Amino acid sequence: MDEEGLKSYLSQQITSSIGYISGQVSESRRKALEYYYGEPFGNEVEGRSQVVSTEVQDVIESLMPDFMEIFAGGDTVVEVEPVGPEDEANAQQATDVLNYIWNTQNDGFGITHDVIKDGLLQKNGIAKIWWDKSEEISKENLENVNSLSLQEMLNDPEVEIVRQTQKNAEGDFSQYAPDGILYDLEIKRTSKKGRTKAIAIPPEEFLCSRQMTKLDDSAPFVAHRSRKTISELIEMGFDRELLEDIPSEDDQAYADEAVARYEMDDEWQESQDNNTDPSMRRVWLYECYPLVDFDGDGVAERRLIHYVGNGKRLLTNEEIEEHPFVNFTPIRMPHKFFGRSIADLVMDVQLIKSAIQRQLLDNMWMVNNGRSAISSKVNLDDWLTNRP
């Protein structure tokens, strides 16, 4: 398979995947978000009660503390058990390392919370755990650097000298400059040390094949779709020249679930990217993990492919062992990837209770504020006296 054939295959997998364009699953998750926020149902009548009950919110929030106590209720959320007495020291060390990675290097509590809440509210919570090789770039200003230290920086592949000013060593600083010369420097340090990273990704950013029944090694296609700035992509190690002419927008900027998430708070940003800084221009990045026979040996292998922009340009294409996604669903359905959420079980209760509460409020209002027809035979003073 050549590059054009691979691009065509990926385009087909993306456009036919669950979550790419609004479908039944996306519509159900959008509806669950609106019920959680207590949004109007759309059947309200002007002048009548429009109260909305909040069963979805109340049930989910009452379950969250119990789940968090189980999965994040202590410093040791991961424990490695030894097989024999000789393994106890290594098992304890592995336990300490894993808990440090989860709780210190990553926001383990927040990830656990978000994945569980996504599952309770939107059927499935998705976490992504991977070895991150992104470059970390930092800038520093250094003063009174001597020639020996300057030479060490010049030999360091992670350091780039942006600006250099030479001056004569004077006063107390002369003892640090054997040759009598000091430098003021502005340097850029690029760190390439990798580490384990974990995040909870929004459900609408996760794409999967319609044929998938579980998130294991047999999943034919899974992907993470996210908006990234050009600066973020360069920091991830992608070639700047490949990113310059990639268009910023596509229809997914208006994903129904994403709009529903921010609609109540009036925080939704328009998709039109008006940022005048080219480095902050945002594009869509598709991080795809398909099973595909790219090398032509007749056996499909798992590959990592970064696919970007409307032009669908390939940035990377490499063979890997496994995809980085894990899944939580509160109510599993046999032979299906998508389970059922707690919201699915109580949305009808919220609708019914809201209807009953509206009827009760309307009835009480009308009874307590009844309208009367008054004739000349009624004593108005008696009628205006309001007493039992």
- How would you rank 337-348, 186-197, 361-372, 119-130, highest first, on the average number of other Cβ atoms within 10 Å across their residues? 119-130, 337-348, 186-197, 361-372
- Query: Considering only the other residues whose Cβ falls under 11 Å of the Cβ of Thr54, what net charge follows from Lys and Arg at +1 and Asp and Glu at -1?
  - Reply: -3
- Using a Gaussian network model of the chain with C-alpha springs under 10 Å, which one of Glu81, Glu136, Glu204 is most mobile by mean-square fluctuation? Glu81
- GNM top mover of Gly19, Gly309, Gly298 - the chain, alpha-carbon springs below 10 Å: Gly298
- Which value, in Å to one decimal place, does the Kirkwood hydrodynamic radius take for the chain when every pair of different Cα atoms is included? 26.3
- Note on the structure: Between the Cα axis of helix 24-36 and the main Cα principal axis of the chain, the angle (0 to 90°, nearest 10) is 70
- Task: Summarise the accessible area of the chain (1.4 Å probe, protein heavy atoms) by the percent that is carbon and sulfur.
- Result: 48
- FRET E, pair Leu380, Ala355, Förster distance 51 Å, beta-carbon r, rounded to 0.05: 0.80
- Note on the structure: Toy charge model, Lys and Arg Cβ at +1, Asp and Glu Cβ at -1: the chain dipole around Cα centroid in debye, rounded to 20, equals 1820
- Query: Too long at a 29 Å Cα-Cα cut-off: which of Lys117/Lys192; Lys117/Lys353; Lys167/Lys188; Lys133/Lys312; Lys117/Lys139; Lys31/Lys133?
  - Reply: Lys117/Lys192; Lys117/Lys139; Lys31/Lys133
- How large is the convex hull of the Cα atoms of segment 47-149 per residue, expressed in Å³ as a whole number? 268
- Select from Ala89, Tyr286, Ser375 the residue farthest towards the positive end of the dipole of the chain; place +1 on Cβ of Lys and Arg, -1 on Cβ of Asp and Glu, and compute about the Cα centre. Ser375
- In whole Å, largest first, what are the principal axis extents of the Cα atoms in segment 69-208? 67, 47, 25
- Anisotropy class of segment 91-131 from Cα gyration tensor, a/c 1.5 cut: prolate
- Task: Give the residue from Ile60, Asn327, Ala169 lying farthest towards the positive end of the charge dipole for the chain; charges sit on Cβ (+1 for Lys and Arg, -1 for Asp and Glu) and the dipole is referred to the Cα centre.
- Result: Ile60
- Task: Can you work out the accessible area per residue across the chain, with the rest of the protein chains kept in place, probe 1.4 Å, in square angstrom?
- Result: 61
- Message: Rounding to the nearest 10 and keeping the result within 0 to 90°, find how far the Cα-based axis of helix 108-122 lies from the longest principal axis of the chain.
- Response: 40
- Evaluate the Debye formula for segment 6-92 with equal point scatterers sitting on the alpha carbons, no solvent, and hand back log10 of I(q)/I(0) at q = 0.21 Å⁻¹, in q order, two decimals. -1.03
- Message: Just to compare against my own numbers: the Cα pair-distance distribution for segment 155-251, 10 Å bins, whole % per bin, please.
- Response: 10, 22, 25, 16, 12, 8, 6, 1
- Item | Only Lys, Arg (+1) and Asp, Glu (-1) charged, at Cβ; segment 1-80 dipole about Cα centre in debye | 360
- Bin all alpha-carbon pair distances of segment 115-157 at 10 Å intervals from 0 and give each bin's fraction as a whole percent. 18, 24, 16, 14, 14, 12, 1
- Item | Per-residue [θ]222 nm for the chain (sum of -39500 (n - 2.57) over DSSP H runs n ≥ 4, rounded to 500) | -10500 deg cm²/dmol
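The values are calculated or read from the model by the stated rules, or taken from the named source; none is laboratory data. Predicted model, so just to flag it, every value in this text is computed and none were measured. FYI the Cβ positions are ideal-geometry reconstructions off the backbone, even for glycines, and counts take in every protein chain you see. Just so you know, the surface numbers come from the protein's heavy atoms only, side chains and all, with ligands and any DNA or RNA stripped out. Shrake-Rupley method; radii C 1.70, N 1.55, O 1.52, S 1.80 Å.
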